[in-house]
Structure formats: structure tokens, C-alpha cells
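Here's the structure we're looking at; comments come further down.
The values are calculated or read from the model by the stated rules, or taken from the named source; none is laboratory data. Predicted, not measured: the structure shown is a model, and the values here were computed from it. Because the Cβ atoms are built from the backbone with ideal geometry, glycine has one as well, and the counts that use them run over all protein chains shown.
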Amino acid sequence: MITYIIIGIVVLLAFWLLATYNGLVTLRNRVREAWSQIDVQLKRRSSLIPNLVEAVKGYVKHEKGVLEEVTKARTSLMDAKNPHDAAAADNMLTGALKSLFAVAENYPQLRASENFKALQDELSDTETKVAASRQFYNTNVLDLNNSLETVPSAWIGQMFSFKKEEFFKASEEEKADIKVNF
């Protein structure tokens, strides 16, 4: 009778170990899938940038530095290999695009251009998708990290070398207060 109880406990322990391990694998894969969605949206935005730069080039010939900054930031984003690097490059690109749109404000013909407006709308739509993808990613990272920090799943995670993931964070510039003048 004691043998059956011991066997039962071992079987239950094995099932618990298996279920916990599979749960951690599922969470890790959700984080990877969520990162993939951010990557897709960032690549989508990057592919819009050359068209936007071309649309602006003809109007802002003496604003070469702004266009170079946008191009450099886009290249950094495309070369990013992990969430931390991508977040830094994304912040750099966001700043460069803000500069580009600020320059565009000085050119009424550019703002009136259908091509420029369409690209600006597409970019705005992509920014919304990037924000949603970031939120989805961070939610999945939170779930994984919570599992890796709570007992008993933390023990299983440690046993099988699961690692906590980094959140996709806003830059200090993005967190700063925006000054509005009327």
C-alpha cells in the first residue's frame, strides 16, 4: 500500500513538473511571438521611411541634416538584434521623424501633397500598431517574469535555465512633459 502511495506521489510530482515546464515554454513562446509582432511593425515603419524621405527631399533641399538623421535612425532600427537595441533605435527614429515633420510644417506645398499626406497617415497608423504591439509584448513579458519569480515555477525555470525578459521601455524623451503654447 505504501508503495502505491509513493508511486502516486512520484507520478503527481512528474505531472506537475511537466505542466509547469510546458507552461513556462508557452509563456516564453508568447514573448517571442509578441516581439515578432513589434519587429513586423517596426519593419513596416522602416519601409515607409524611404518613401517619406523621397517625398520630402524635393521640398526641403537645404534641410539635408534632418533627412540624414532619419536615414541613420532607420538603419539603426533595422540592425537592432534584441528588444533593448530596438527600443533605443526606435526612440532615435521617433525623434528624427518628429524633426522631419516639424520641418515639413514650414512647407505648405509639402503638407498639401497627396503623397506626403498618404505617407503621414500610413505612418500614423503604423505608430498605433507599434504601440499596441509594445503593450502586448510587455504584458507577455510580465506574465513570463512573474512565473519565473514565483515559487514553485521559479524552481523549474531555474532548473531548465529559463531567463527573464526585458520590457520594451519608453525613452526619457518620450516620458517628458509636452509643453503646449496657445
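Cβ-Cβ distance below 8 Å, separation of 6 or more or different chains: which pairs start in the stretch 120-134 with a residue that is closer than 16 Å to Val56 by Cβ and end on one that is assigned to a helix (DSSP H, G or I)?
Matching pairs, first to second residue: Gln120/Leu52; Gln120/Phe101; Glu122/Leu48; Leu123/Arg45; Leu123/Leu48; Leu123/Leu52; Leu123/Leu97.
Kindly indicate whether any position in the stretch 7-22 is surrounded by 16 or more Cβ atoms within 10 Å (Cβ to Cβ), part of a helix (DSSP H, G or I), touching a residue at least 12 places away in the same chain (Cβ under 8 Å) and out of contact with any His (no Cβ under 7 Å at 6 or more places or on another chain).
Scanning the stretch 7-22, I find at least one residue that is surrounded by 16 or more Cβ atoms within 10 Å (Cβ to Cβ), part of a helix (DSSP H, G or I), touching a residue at least 12 places away in the same chain (Cβ under 8 Å) and out of contact with any His (no Cβ under 7 Å at 6 or more places or on another chain), so the answer is yes.
Would you call Leu77 in contact with an Asp or Glu (Cβ under 7 Å, 6 or more places away or on another chain), closer than 16 Å to Phe168 by Cα and at pLDDT 85 or above?
So Leu77 passes the test.
Among the listed residues Leu110, Leu123, identify the single one that is under 14 Å from Pro50 (Cα atoms) and not acidic (Asp, Glu).
Leu123
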